[in-house]
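Nothing in this text is a laboratory measurement; each read-out follows from the coordinates by a stated rule. As the structure is a computational prediction, the values presented were derived from the model and not from experiment. When we count neighbours, we look across all protein chains shown, and the Cβ atoms used for this are built from the backbone with ideal geometry, even at glycine.
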Amino acid sequence: MSDTGAKNQPIEVRFRGGGFAPKARRSVGLAVFIFLIGIAEIGTRQGWISSLTLPKPSDVLATFGELWESGLLFKHLIPSLSRLAVGAAIGASIGIAVGIMIGLFSYVRAGMVPLVAAIFPIPKIALLPLFVIWFGIDEASKYALIAFGTFTPTVVATYGAVDNVDRSLIRMGQSFGLSWLSIVRKIVLPGAMPGILSGLRISLAIAIILLVAAEMLGAEYGIGAYILEAGSLYDLERLFAGVVILSLLGVILSTLIGFIEGRLLSWRA
Amino acid sequence: MDIRLDAISHSYGDTEVLRDISLDIPNGKIVCFVGPSGCGKSTLLRLIGGLERASKGRILQLGSPPEGCLNPLTYVFQDFALLPWRSVHGNISLVLEDRNIKGAQADAIIADVLARTKLSDFSKALPRQLSGGMKQRVAIARALAVKPAVMLMDEPLSALDSQTRELLMDDLVALWTRQSFTAAYVTHNLAEAVRLGHRIVVLSRRPGEIREIVEIDIPLRDRTHGDAKLEQTQKHLWDMMRDEARAADEELLDV
């Protein structure tokens with residue numbers, strides 16, 4: 001059996017575990033941004049990206065600087081932020097309330113789930129004229145649009161989250177004679193919080209999209225109005241400056257929710 | 001306070017799970033329910049505590065619960081049912097808050113039950129930081145905090161490894177010896193039943209009927225490993241259950 005000698009060599013067990021467990025790598029996200037912007041900068045400077053295709057990132061930055069110095073930045077940003085805050089707050093709070101009701105009451109569920117399903121796919125922007133008739137051309141119609149747009153995804157996320165609350169915890173609460181309100185406040189709500197917060201991430205991103213849409217249709221000041229004006233003049237630097245502001249807004253909101261998650265959901269670890 | 005089951009039958013739709021169960025759970029005794037899986041022993045426990053309504057028959061409380069009792073019928077669940085977002089202290093205070101026991105009064109109760117379950121050092125820990133055995137001790141502490149008249153224990157040790165189970169059985173015996181409590185204790189583990197039960201109710205496979213009630217008169221603290229009489233009782237229980245368990249195992253679910 002000398003020819004099988006080689007086969008009897010011990011073979012090291014091949015490692016095949018690991019993976020599927022993403023870890024926080026903070027600097028990578030930044031590196032991707034820097035890399036992409038760097039490419040754009042080099043490309044536009046050297047000319048293999050024409051200035052019609054993409055504005056020079058440094059020019060966008062300069063535009064941004066002008067915007068800051070002239071005070072126009074805040075003139076546009078403050079009305080936008082207040083619209084976003086009011087609209088999203090109304091939509092998200094009503095959405096969370098309705099979502100919890102759907103999660104708790106059979107009749108509300110039977111009545112509201114089809115309604116929400118019917119409302120969800122409607123592009124809310126298409127309803128802006130309707131809102132203008134209902135609420136007037138002023139701020140109220142913009143609040144309504146943003147609120148309406150944040151409402152549906154928040155409802156869906158919230159009742160899904162309530163459905164996922166561990167029923168054995170609710171039985172436990174009942175077995176200790178906790179009141180209905182205590183069970184909702186101390187067991188259902190905290191149990192649904194992870195799902196509600198991750199739903200809020202999506203809702204707030206949609207709120208930003210709708211904010212811009214609302215401001216494009218009838219606003220003197222606001223990021224949307226600013227972008228629309230720049231776009232119609234084909235002023236790419238200003239257009240991009242506006243877009244960068246929106247992106248930053250998205251990143252800030254996402255970070256904010258991440259921060260809230262860190263505080264409220266530290267028990268998950 | 002005693003509990004009396006009066007001709008309890010229960011069905012889920014067409015499936016009959018319990019048939020004509022009558023028995024007493026006397027004050028200060030631990031009554032164990034054993035039986036093959038699916039014999040309805042956990043259902044019976046949910047009926048006793050009022051988490052489900054029996055199709056037929058009544059469950060009666062005889063006498064009044066002891067003074068200071070906040071929740072006469074209190075469960076200890078197999079899966080612990082601790083709120084993961086509350087600390088050990090918070091999980092126990094949860095069941096006191098609704099009774100308007102707060103602040104110093106609540107702290108005193110919590111400190112007492114944590115001491116009795118040897119958890120005093122862990123009052124700030126979150127459930128995820130605790131081992132299975134510790135979690136179940138927290139759940140037992142929470143049950144003790146409401147001074148129950150009857151503890152309803154649904155396979156409380158089944159989710160634990162065997163060493164932890166042994167340790168917790170010792171703890172339960174010590175708790176009972178210090179201050180005797182009444183308990184209905186559901187388990188599929190016969191060793192647990194003969195170790196902790198004053199009375200062991202053997203249920204048949206579905207639909208669950210009482211096959212036999214075995215009384216063990218050795219005091220809990222004198223029950224040791226390898227005690228001939230206990231071994232004999234355990235063997236007797238197993239002989240009774242073996243065929244039932246096998247038949248139950250071969251049944252299709254949801255027939």
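Structure data summary
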read-out	value
Packing-based order for A:144-150, A:99-105, A:122-128, A:172-178, using average beta carbon neighbours within 10 Å, highest first	A:144-150, A:172-178, A:99-105, A:122-128
Residue among A:Gly43, A:Gly87, A:Gly29 with the largest mean-square fluctuation in a Gaussian network model of chain A, springs linking Cα atoms under 10 Å	A:Gly29
Semi-axis lengths (Å, descending) of the ellipsoid that matches the C-alpha gyration tensor of segment A:97-205	33, 13, 12
From phi via Karplus (6.51, -1.76, 1.60), per-residue ³J(HN,Hα) for segment A:200-216 in Hz, x at Gly/Pro	5, 4, 5, 4, 6, 5, 5, 4, 5, 4, 5, 4, 5, 4, 5, 6, 6
For the protein assembly as shown: span of alpha carbons on each principal axis (Å, largest first)	96, 84, 52
Peptide-level mean, for A:174-183, of C-beta atoms on other protein chains within 10 Å	6
Estimated distance in nm for a label pair at B:Glu251 and A:Ile42, the labels positioned 7 Å out from Cα along Cα-to-Cβ	7.3
Mean Cα-pair separation over length for segment A:30-146, i.e. relative contact order, pairs under 8 Å, 6 or more apart, %	20
Low-density loop cleavage sites - trypsin sites (Lys or Arg not before Pro) in segment A:12-94, where at most 11 other Cβ are within 10 Å (DSSP)	A:Arg14, A:Arg16, A:Lys23, A:Arg25
Nearest-0.05 FRET efficiency for B:Ala159 and A:Ala140, computed from C-beta distance (R0 51 Å)	0.40
Residue mean of other protein chain beta carbons inside 10 Å, B:84-97	3
Spacing of the two label points (7 Å from each Cα toward its C-beta) at A:Ala31 and B:Ala7, in nm	7.8
Model label zone, B:Cys69; criterion: amide N under 14 Å from point 7 Å along Cα-to-beta-carbon; scope segment A:158-182	none
Under-5 Å amide H pairs with B:Cys32, H placed in peptide plane, nonlocal only	B:Tyr185, B:His198, B:Arg199, B:Ile200, B:Val201
Within chain B, longest stretch free of exposed trypsin sites (Lys or Arg not before Pro) [DSSP loop, at most 11 other beta carbons within 10 Å]	B:125-255
Angle in degrees between helix B:88-97 and the longest Cα principal axis of chain B, rounded to the nearest 10	80
Footprinting exposure proxy for A:Ile34, A:Ile206 (fewest neighbouring C-beta atoms within 10 Å first)	A:Ile34, A:Ile206
B:Gly57 long-range amide H proximity, modeled H, under 5 Å	B:Ser9
Spread of Cα-to-Cα distances over 10 Å intervals beginning at zero, given as percent, for segment A:6-130	9, 15, 17, 23, 18, 10, 5, 2, 0
For B:Arg211, residues with placed amide H under 5 Å, excluding near neighbours	B:Val202, B:Leu203, B:Ser204
Sites A:Leu52 and A:Ile125, calculated FRET efficiency, Cβ-Cβ separation with R0 30 Å, nearest 0.05	0.60
Karplus 3J(HN,Hα) series, Hz, for segment A:251-266 with 6.51 cos²θ - 1.76 cosθ + 1.60 (x for Gly, Pro)	5, 5, 4, 4, 5, 4, 5, x, 5, 4, 4, x, 6, 7, 10, 5
Phi to ³J(HN,Hα) by Karplus 6.51 cos²θ - 1.76 cosθ + 1.60 over segment B:219-224, Hz, x for Gly, Pro	x, 3, 6, 8, 7, 10
Expected 222 nm ellipticity per residue - DSSP helices of 4 or more, -39500 (n - 2.57), all of chain B, to 500	-11500 deg cm²/dmol
Using alpha-carbon coordinates, inclination of helix B:162-178 to the longest axis of chain B, degrees	70
Per-residue average of Cβ from other chains inside 10 Å of A:218-228	0
Helix-only CD estimate at 222 nm, as mean residue ellipticity for chain A, using -39500 (n - 2.57) per DSSP H run (n ≥ 4)	-24000 deg cm²/dmol
Efficiency of FRET between A:Val113 and B:Ala228 - r from beta-carbon atoms, R0 60 angstrom, step 0.05	0.40
Antiparallel %, DSSP beta bridges [both residues in the protein assembly as shown], to 5	50
